[in-house]
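**Student:** Dumping the structure here so I can ask a few things about it.
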Amino acid sequence: IMAALDDGYVDTTYMVETGGGVWNMYGRDMKDHNWSRGGYGTLMLPWTLKYSSNIGVSRIIDKFYHDQPEKFVQKIHSFGLATDYKVPIPGYVPGIIRMPKKNKRGQYTNWSKTALPWMSIGYETQIPPLQTVTFYNAIANGGKMVAPRFVKAVMKDGVVIKEFDPVVLREQIAKESTIKKITTILEHVVSQGLGKKAGSPSFLV
């Protein structure tokens, strides 16, 4: 959704039809979590995230990027979700987000019609939790992406012998206006949407 907002294809008043909770996309059924209860019908863009509507999100992304999936994937990369943070802990691996490729005849060799809509809701990618948290942290940080930091300083006998300063990976992952819009939407996911259990009366989530 942030990609579509940042590219100017949609704004927060954009409407999308999600039907009765099941939507056939190129021979496969995309389902919302409440499909057995009749789905959500027509949703305004912010509510696709507030209600976690797979259909709403995937239909928006498929409509604007179906003929140019490379642009969507490049946008996801620009958000830092596949950036190698070089975290010095055992088992760490960076995110993997497949880029569409074409042969000499202009035909996609590693891409299907369903790849984009499913990628838009988190499938078709391998993004570790650390990348996800860093991405959300960048949004909360006004768009500035900072590398995860597990050690602030090393001390010996009460004396600091080495410090690890914050490392900025990207000064701005998206337009300032996009960050403001997505921040408001994400706050509303918690205050009005399905994320209410994550809320707190003590601070903004």
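The values are calculated or read from the model by the stated rules, or taken from the named source; none is laboratory data. These numbers come from a predicted model, not from an experiment. All Cβ positions, glycine included, derive from the backbone under ideal geometry; neighbour counts span all protein chains shown. The accessibility values were calculated without ligands, DNA or RNA, using every heavy atom of the protein model including side chains. Shrake-Rupley method; radii C 1.70, N 1.55, O 1.52, S 1.80 Å.
**Student:** Would it be correct to say that VAL10 is of a type in the set (A, V, I, L, M, F, W, C) and either loosely packed, with under 14 Cβ neighbours inside 10 Å or assigned to a loop (DSSP other than H, G, I, E, B) (or both)? Break it down stepwise before answering.
**Tutor:** Values: of a type in the set (A, V, I, L, M, F, W, C): yes; either loosely packed, with under 14 Cβ neighbours inside 10 Å or assigned to a loop (DSSP other than H, G, I, E, B) (or both): yes.
Yes; evaluated as a whole, the condition is true for this residue.
**Student:** How about the range 139-158: which of its residues are surrounded by 12 or more Cβ atoms within 10 Å (Cβ to Cβ) and at negative phi?
**Tutor:** Matches in the range 139-158: ILE139, ALA140, ASN141, LYS144, MET145, VAL146, ALA147, PRO148, ARG149.
**Student:** ILE161 - would you say it is touching a strand residue (DSSP E or B) at 6+ places or on another chain (Cβ under 6 Å) and assigned to a loop (DSSP other than H, G, I, E, B)? Don't jump to the end; show me each part of the working.
**Tutor:** Details: touching a strand residue (DSSP E or B) at 6+ places or on another chain (Cβ under 6 Å): yes; assigned to a loop (DSSP other than H, G, I, E, B): no.
For ILE161, the condition - touching a strand residue (DSSP E or B) at 6+ places or on another chain (Cβ under 6 Å) and assigned to a loop (DSSP other than H, G, I, E, B) - is not met.
**Student:** Can you tell me which condition ASP157 does not meet? The list is (1) modelled with pLDDT under 95; (2) under 30 Å from ASN34 (Cα atoms), and all the others hold.
**Tutor:** (2)
**Student:** A further question follows. GLY39 - would you say it is buried (at least 18 other Cβ atoms within 10 Å of the Cβ), free of Cβ contacts under 8 Å to residues at least 24 places away in the same chain and either more than 22 Å from GLN126 (Cβ to Cβ) or more than 20 Å from the chain's Cα centre (by Cα) (or both)? Working first, answer last.
**Tutor:** Numbers: buried (at least 18 other Cβ atoms within 10 Å of the Cβ): yes; free of Cβ contacts under 8 Å to residues at least 24 places away in the same chain: yes; either more than 22 Å from GLN126 (Cβ to Cβ) or more than 20 Å from the chain's Cα centre (by Cα) (or both): yes.
Yes.
**Student:** Taking the range 42-71 on its own, how many of its residues are under 30 Å from LYS196 (Cβ atoms) and open to solvent by less than 30 Å² (accessible area, probe 1.4 Å)?
**Tutor:** Count: 13.
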